[in-house]
Number of protein chains: 2
Amino acid sequence: MRVIKSIKSIRTFLKTIKIKNKRIGLVPTMGALHKGHLSLIQKSRRENDIIILSIFVNPKQFGPKEDFTQYPRQEKKDELLAKKEKVDIIFYPSVEELYPKDYLTYVFVDELGEKLCGQSRPNHFQGVTTIVAKLLNIITPDTLYLGQKDAQQVIIINKMIQNLNIPVKVKTCPIIREPDGLAMSSRNRYLSSRQRKEAPILFQSLKSAKKRIQKGEHRSAALLQMIQSNIERNSSGRIDYLECVDNQSLNPLKKITSSGMIALAVKFGSTRLIDNIEFKIK
Amino acid sequence: MRVIKSIKSIRTFLKTIKIKNKRIGLVPTMGALHKGHLSLIQKSRRENDIIILSIFVNPKQFGPKEDFTQYPRQEKKDELLAKKEKVDIIFYPSVEELYPKDYLTYVFVDELGEKLCGQSRPNHFQGVTTIVAKLLNIITPDTLYLGQKDAQQVIIINKMIQNLNIPVKVKTCPIIREPDGLAMSSRNRYLSSRQRKEAPILFQSLKSAKKRIQKGEHRSAALLQMIQSNIERNSSGRIDYLECVDNQSLNPLKKITSSGMIALAVKFGSTRLIDNIEFKIK
């Protein structure tokens, strides 16, 4: 496994790879790797000749009052984990190289970026699409691996790739959860032990809502009400958003008629967790 | 020469080309080819194995009150001209394919896009950077050829390419002019014969300003005043903007100390012409 830190070096390396017509998989992360990330790496490992793990805590996707400086960084630990999963290259670019002083260019996906998480994180998705566009241009992988935990991110990145005709395939991997159902996240470590005990209520509520859908409850309002009171009664979590939406347009669904998703963000103290569940009825 | 109209077909064609490691040059245009475009094609012809001329009147770079529907389209004539210049491929995508109904993604270069032409054409450069990003993703050329007549466009596209790490070289070709100095433009045909006779005053004024700079006049205000009165006294043109700017940041220069450019847009009736001249002292 090689650790490459500059754009020039990774391009030089990739040139030798591309000549040999190898399949390249990219797993973009902000580091602080957990089993969710590892599942992406494993899938990529099975499907490609060369796999590149990028680790970059992207300042452009954090708001001014968000946890950019506090976001966990654990270079050495991540390297060990990546090596175990047979990553070929860790790409570790610097903020200075990716965003030089006079940086001015952004990619944004209109409308979709303003919904759900976008409401409380105004420039978040513009930061995400910009860094992903940059990484795709630097690495030009055959396939990009994304995790379903960030469902809105997956929808937005897919839209960007289609709209800008970026020549890459996208594969999405299911959410990996702790044994008690909490979705794996680098931010879970911020939870106090009490909050950690409460947090599984998010997935439990989503799961029971899905069961209700399958049993015939197709009115979103009733489902969301059930989730909300479930969370509020059983935890200290404060709901940031809780919506039942179409999983292409992210528009709210009043009534469930086919497929969609329930997505939520809940704050435990200053730690904001997200989760979601997809459903499909016929 | 082949005329290719769909993204899928050009990608299939390019796959066979790329395997052979050929150098690909892209000349992006909106058609209505004139000698300015031809100079780009000729330069590209000398420097590449395969040259692709894209012709696409890009709706996203026209304002709602601008001349999108009136913009000249002359498919057959352009094909003849391209064939003469030994273009390999004309890429003629459709609006429907490049901007499907639910299109949402845009690339923009902050600040630079709001200056000069951006003041009277608010979303113009966002439309330009978006279509150029798309064409670069579809064609992935080695080199992109741009004309210096659209100086601000050149600066903005270069910035986008650097900032988004798009793997392409950019070459800029000098402005091609009519014998009387008028910069070649697809919009010149809209001028009445009286306006056509007046229009060379733009370049004449820019040229005499440059001479004055070389003779030691380094105060922008004096230079711009000279150009303005020259245009206003000798033509029916109404100045849209007239500025002396740094040719990286496009910030106005009060005093000329090294290099820069004077750029202008002038309306003759409803026809808006642009021109510019670069200078460098010492």
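The values are calculated or read from the model by the stated rules, or taken from the named source; none is laboratory data. No experiment lies behind these values; they were computed from the predicted model shown. For neighbour counting, all protein chains shown are included, and Cβ atoms are generated from backbone atoms with ideal geometry for every residue, glycine included. Side chains included, ligands, DNA and RNA excluded: accessible areas come from the protein's heavy atoms. Shrake-Rupley method; radii C 1.70, N 1.55, O 1.52, S 1.80 Å.
Can you report the number of residues in region A:91-121 which are of a type in the set (A, V, I, L, M, F, W, C), touching a Gly at 6+ places or on another chain (Cβ under 9 Å) and crowded, with 19+ Cβ neighbours inside 10 Å?
1
Outside the structural domain of A:Ile19 (by TED's automatic domain parsing) and of a type in the set (Asp, Glu): does that describe A:Glu111? Walk me through it before giving the result.
On the way: outside the structural domain of A:Ile19 (by TED's automatic domain parsing): no; of a type in the set (Asp, Glu): yes.
In short, no.
Mind listing whichever residues of region B:159-171 are β-branched (Val, Ile, Thr) and either crowded, with 20+ Cβ neighbours inside 10 Å or over 22 Å from B:Gly31 (Cα atoms) (or both)? Give the derivation first.
Our first condition is that a residue be β-branched (Val, Ile, Thr); within region B:159-171, this holds for B:161, B:166, B:168, B:170.
Once the filter is applied, which keeps residues that are β-branched (Val, Ile, Thr) and either crowded, with 20+ Cβ neighbours inside 10 Å or over 22 Å from B:Gly31 (Cα atoms) (or both), region B:159-171 yields B:Ile161, B:Ile166, B:Val168.
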With criteria (1) open to solvent by less than 40 Å² (accessible area, probe 1.4 Å); (2) assigned to a strand (DSSP E or B); (3) among the aliphatic types (A, V, I, L, M), A:Val3 comes up short on (1)
First in region B:98-110 and over 24 Å from B:Ile155 (Cβ atoms) and within 8 Å of chain A (Cβ to nearest Cβ), second anywhere and charged (D, E, K, R) and surrounded by fewer than 21 Cβ atoms within 10 Å (Cβ to Cβ), Cβ under 7 Å, 6 or more apart:
B:Leu104/A:Asp110; B:Leu104/A:Glu111
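Condition first: among the hydroxyl-bearing types (Ser, Thr, Tyr) and crowded, with 21+ Cβ neighbours inside 10 Å. Now tell me which residues in region B:6-56 satisfy that. Talk me through it step by step, then tell me what you get.
Step one: list which residues in region B:6-56 are among the hydroxyl-bearing types (Ser, Thr, Tyr), which gives B:6, B:9, B:12, B:16, B:29, B:39, B:44, B:54.
Result: B:Thr29, B:Ser44, B:Ser54.
Is one or more of the residues making up region B:187-197 open to solvent by less than 40 Å² (accessible area, probe 1.4 Å) and small (Gly, Ala, Ser)?
Taking region B:187-197 as the starting set, the residues that turn out to be open to solvent by less than 40 Å² (accessible area, probe 1.4 Å) are B:188, B:191, B:195.
Then drop every residue that is not small (Gly, Ala, Ser), which leaves none.
The answer is no; no qualifying residue exists.
Identify, from the list B:Ile139, B:Ile227, B:Ile156, B:Ile239, the residue that is more than 30 Å from A:Thr140 (Cα to Cα), open to solvent by less than 10 Å² (accessible area, probe 1.4 Å) and either within 14 Å of another protein chain (Cβ to nearest Cβ) or of a type in the set (A, V, I, L, M) (or both).
On the way: B:Ile139 fails: more than 30 Å from A:Thr140 (Cα to Cα); B:Ile156 fails: more than 30 Å from A:Thr140 (Cα to Cα); B:Ile239 fails: open to solvent by less than 10 Å² (accessible area, probe 1.4 Å).
That would be B:Ile227, the only listed residue that is more than 30 Å from A:Thr140 (Cα to Cα), open to solvent by less than 10 Å² (accessible area, probe 1.4 Å) and either within 14 Å of another protein chain (Cβ to nearest Cβ) or of a type in the set (A, V, I, L, M) (or both).
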If B:Gly63 satisfies every condition in (1) in contact with a strand residue (DSSP E or B) (Cβ under 7 Å, 6 or more places away or on another chain); (2) open to solvent by 20 Å² or more (accessible area, probe 1.4 Å); (3) in contact (Cβ under 8 Å) with a residue 60 or more places away in the chain but one, which is the exception?
(1)
